[in-house]
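Okay, structure first, notes after.
The values are calculated or read from the model by the stated rules, or taken from the named source; none is laboratory data. Quick caveat, the model's predicted, so the values are computed rather than measured. All Cβ positions, even for glycine, are placed from backbone atoms using ideal geometry, and neighbour counts span all protein chains on display. Side chains included, ligands, DNA and RNA excluded: accessible areas come from the protein's heavy atoms. Shrake-Rupley method; radii C 1.70, N 1.55, O 1.52, S 1.80 Å.
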Amino acid sequence: MQDVSSLVAQAREGRPRAVARLISLVEGASPQLREVMEALAPLTGNAYVVGLTGSPGVGKSTSTSALVTAYRKQGKRVGVLAVDPSSPFSGGALLGDRVRMSEHASDPGVYIRSMATRGHLGGLAWAAPQAIRVLDAAGCEVVLVETVGVGQSEVEIASQADTSVVLLAPGMGDGIQAAKAGILEIGDVYVVNKADRDGADATARELNHMLGLGEARAAGDWRPPIVKTVAARGEGVDEVVEALEKHRAWMEERDVLGERRRARAAREVETIAVTTLRERIGDLHGDRRLGVLAERIVAGELDPYRAADELVAGLTRG
């Protein structure tokens, strides 16, 4: 058993091993997870969470690394959660993004963690919300969450980030794909990366046109900017940071940031509650209560919905 209070204290001091152990407890759904979350609760709420999403090949890892560099120049501590596909053999992260961010590996002001999706849809690992909380409590002023790159289903990041950045690249069909998906609905800032390639201006124009379709924004509403970058050379990255800071200021002025964080907390509570109920229901296989309800359904005495209501009522009563 880990000494949670000691780990939390060490994480607050910026010790990477303590942060790593706390996130490992989260990922492994440790029996100490509740103790960890209770200890972290009063220490959170300070980090600015930025999600980066987009189709594979648009340069998410390179852009994330460039943003880390930009924020470190401002003297800010940065945490990175790079969510990777799961290995079909070990269940671990298949292609650790830490390899692609090796330039920051020796920087004590940067913490980078690769997390496996472990089959979770939507481009995020199921433990991402708790891992974000660990980095927040550890003193990271900015947390960058890079999603797995699963394309059109990769919209869950909008529910976990304060600001969502959608990346596209010219010549990859991103504009057409984005039009089909909900990806245009989640972006707060849009980045056309690899802007030194042919077609970058056309991609930006098409994106601007798409954003304008069916637009119903009132005066003062946020209009997502489109920024062109060449992340591999650091070009345009300062403009992305500027756009992020403007969006944060806009949210704080209108309490949108608070609303997003409250909604995020509500979803997290709901997820934990549903998971707990699912586990308790799973323990009922072979249980007499479930068998009796099944018999009554087959006999036509009870419909499945009423049976489910009775089962949930029984579970919540303990």
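Just to make sure I understand: if all protein chains stay in place, what is the order of ILE226, ILE132 by accessible area at 1.4 Å, largest first?
ILE226, ILE132
How high is the relative contact order of the stretch 1-62? Use alpha-carbon pairs under 8 Å, at least six apart in sequence, and give a whole percent.
About 25 percent, as a whole number.
How large is log10 I(q)/I(0) at q = 0.12, 0.17, 0.20 Å⁻¹ when the Debye formula is applied to the Cα atoms of the stretch 184-318, each weighted equally and without solvent?
Normalising to I(0) and taking log10 leaves -0.71, -0.96, -1.21.
To the nearest 10 square angstrom, what accessible area does VAL269 show with a 1.4 Å probe?
100 Å²
Note the full-extension length gain between THR276 and ARG289 as 0.36 nm times their separation in residues minus their Cα-Cα distance, in nm to one decimal.
So the chain would gain 2.9 nm between THR276 and ARG289.
Among GLY236, LEU315, GLY220, flag the residue with its Cα farthest along the positive direction of the charge dipole of the stretch 211-318, charges on Cβ as +1 for Lys/Arg and -1 for Asp/Glu.
Positive-end residue among those listed: LEU315.
Figure the gain on full extension for ALA265 and ARG15 (residue separation times 0.36 nm, minus the Cα-Cα span) and round it to one decimal in nm.
In short, 87.3 nm is gained.
Let me know the volume per residue of the alpha-carbon convex hull for the stretch 1-59, in Å³.
Per residue, the Cα convex hull of the stretch 1-59 comes to 129 Å³.
Using 1/(1 + (r/R0)^6) with R0 = 35 angstrom and r between the beta carbons of ALA29 and GLU235, what's the FRET efficiency to the nearest 0.05?
My answer for the efficiency is 0.25.
Under a cut-off of 28 Å between alpha-carbon atoms, report the lysines in cross-link reach of LYS246, not counting same-chain residues fewer than 8 places apart.
Answer for LYS246, where 28 Å is the Cα cut-off: LYS60, LYS73, LYS76, LYS194, LYS228, listed by chain and number.
Using a 1.4 Å probe and ignoring any ligands, DNA or RNA, find the accessible area of GLU206 and quote it in Å² to the nearest 10.
Counting only protein heavy atoms, the figure is 70 Å².
Just to confirm the filter: which GluC sites (Glu not before Pro) across the stretch 213-245 are DSSP coil and have at most 13 other Cβ within 10 angstrom of their Cβ? All intermediate terms of the calculation are to be shown ahead of the outcome.
Details: sites: GLU215, GLU235, GLU239, GLU242, GLU245; in loops: GLU215.
Hits after loop and neighbour filter: GLU215.
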